[in-house]
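The values are calculated or read from the model by the stated rules, or taken from the named source; none is laboratory data. Note that the structure is predicted; figures quoted are calculated from it, not measured. Cβ: placed from backbone, ideal geometry, glycine included. Neighbour counts: every protein chain shown. Calculation scope for accessible area: heavy atoms of the full protein, side chains included, ligands and nucleic acids excluded. Shrake-Rupley method; radii C 1.70, N 1.55, O 1.52, S 1.80 Å.
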Amino acid sequence: MYGFNMQGLNIQNSLDNMVPLTRFSDAEAVQKLEKIGYHAGYTVDSWKAEFPKVDPKYVLCTTSLVLPSGLYYCDREHYICFKIKNGSMFTLLPEQNESYADCLERVISRCMKYYDERDYDKLLFFISDEESGGIAIPILCDMLEKEKPNPKLYSTALSTYTLCSNGTQYLSSKAWQNLLLCKSEEQKAETDRKLEKFGKTITVYRGQADGSTPYNKACSWTININAAYFFASWRSQEGSCVYTGNVGKKDIIEYVDESSEKEILVLPGTVTNVTKVSMVEWDVFNMCVSAKMFDRKHRFPKESYPQNVREALETLYKDTTGSHDRNHSWRVALLANFIYRMEILSPLTEGDKSSYMEAYHLYSDLVNAVIYHDAGRKDDSENTEHGAAGYEQYKKDRGENKVVEFLTSCHCRPDSEAKEYWEKAFPDNQLIWKALCVLKDADALDRVRFNFGNADYLDINMLRMKSSKALVPIAKQLLEADYQ
């Protein structure tokens, strides 16, 4: 896992993992609960003394797994849930000259009014955000199970579900059935309109990792393969994978086409012909680029070892600014090392020795091309000439090399132009073409540094080598381990 502990946050932001304040009965109970991460700041009696009109049975304490413990008011019978305290700070804003006890009572009273009016949007407004699925979705499930199906509830359910990034597992089969019953004829017609451009069966994708809802129980899929790979690497690299399958229009609940996610909501278990692509794990990647996973049959040129690449980059790139800086070239080098070693060099250990040595010597040229591929850049603007400028710097430093010239100059040119150059300079030398594909893919994989939805973000369909797609989570994780 990298960066912020998203799985831990999901556990903390879950009603299942909160404990009622009524369990904080005395000092001994408080001590036991604090030992396992629950810090309410109150006992039942101290709460009643400060908030005499707010029943402590509705007050829940979160664990401090990632963030300090907080308190929620949760009355599921009336679909009321909101945060009272975040750590040591109260989150509600009292009006002028209003005590916090009066403020809390006023908010509860206002929520009861929303309940009486069946204003589902306002009831869920307090708890609906990207990381609150473990809170908002169970409340939404209560609504769907208990309320008479109606179009207003369908709209609320759709907006809440698409906003929350987790929590699908809290929706029961009854809730799903009632969600479909909520849909008005007008809403059905709108969904049909959005699906008109598709055939009877739609190819869908799903990216997930450890902690995600199993694909056969999930309802969130996408028609955008790039979105699937993004979600496979979003929260954790552990267990990352991408599923591909087919779903019939009759089993589609909704198509959310307003964003780049292009989300397809389906009835769980209705996606068929499912295939799985597993992603490369960090430990495997690290063992490969450090050469620890290879036996004595393998030889790698000294230029390819990470420390030597690092030293070369430090000499060549004097700063680390812009999106094509030394850090970028460092990540590209590590990714290229993996692809070339695993997909090109290693399979040749079982064949003719001369074939291995040819790939071995080409590997040196590839590494040098990676090091110099952006050395000719003056800025981050898009152009197809900076590769040639990078080679000019290489030639100045190290002399002429036709293979490095090809790889460096053509890494930023369209494949059609690069192939024309290759066919003239290196006719039928497939190995050199594959080396260019490795460089292009490694360079493209680092586009995960741009925000998903950005025009510069990685396009999975443009990757050329078989192993490249399985490196998307690794490319994401490398952003957290920039060159120092």
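Of note:
- On Cα atoms only, tilt of 386-398 relative to the major axis of the chain in degrees: 50
- Largest accessible area first, the listed residues TYR215, TYR363 line up as TYR215, TYR363 when surface is computed with a 1.4 Å probe on the assembled protein chains.
- For the chain, calculated [θ]222 nm from helices alone, where every DSSP H run of n ≥ 4 adds -39500 (n - 2.57): -13000 deg cm²/dmol
- Checking the cross-link pairs LYS85/LYS152; LYS402/LYS440; LYS302/LYS396; LYS148/LYS276 against a 29 Å limit on the alpha carbon distance flags LYS85/LYS152; LYS148/LYS276 as lying beyond it.
- In this simple spin-label model, placing a label point 7 Å from the Cα along the Cα-to-Cβ direction at both ALA101 and SER173 gives a separation of 4.9 nm.
- The modelled label-to-label distance for the pair PHE198/ASP45, using points 7 Å beyond Cα in the direction of Cβ, is 6.0 nm.
- Straightening the chain between ALA425 and HIS298 buys 42.8 nm, computed as 0.36 nm per residue apart minus the Cα-Cα spacing.
- Of the residues ASN461, GLN393, PRO414, the one whose Cα sits farthest toward the positive end of the charge dipole of region 350-484, with +1 on the Cβ of Lys and Arg and -1 on the Cβ of Asp and Glu, is ASN461.
- Across the accessible surface of the chain, with the other protein chains kept in place and a 1.4 Å probe, carbon and sulfur atoms take up 48 percent.
- Take the Cα of ARG447, step 7 Å toward its Cβ, do the same at ASN383, and the gap between the two points is 2.1 nm.
- Net lengthening on full extension, LEU163/ALA291 (0.36 nm per residue, minus Cα-Cα): 41.8 nm
- For region 71-207, diffusion coefficient by Stokes-Einstein and Kirkwood Rh (Cα), 25 °C, 0.890 mPa s, µm²/s: 147
- Computed with a 1.4 Å probe over protein heavy atoms only, the accessible surface of the chain comes to 47 Å² per residue.
- Between helix 430-445 and the chain: long-axis angle, C-alpha atoms, 0 to 90°, nearest 10: 30
- Compared with the alpha-carbon gap, the fully stretched path from LYS188 to ASN216 is longer by 7.6 nm at 0.36 nm per residue.
- Length-normalised contact order for the chain - Cα pairs under 8 Å, 6+ apart - percent: 10
- Cα long-axis angle, helix 353-372 against the chain (0 to 90 degrees, to the nearest 10): 70
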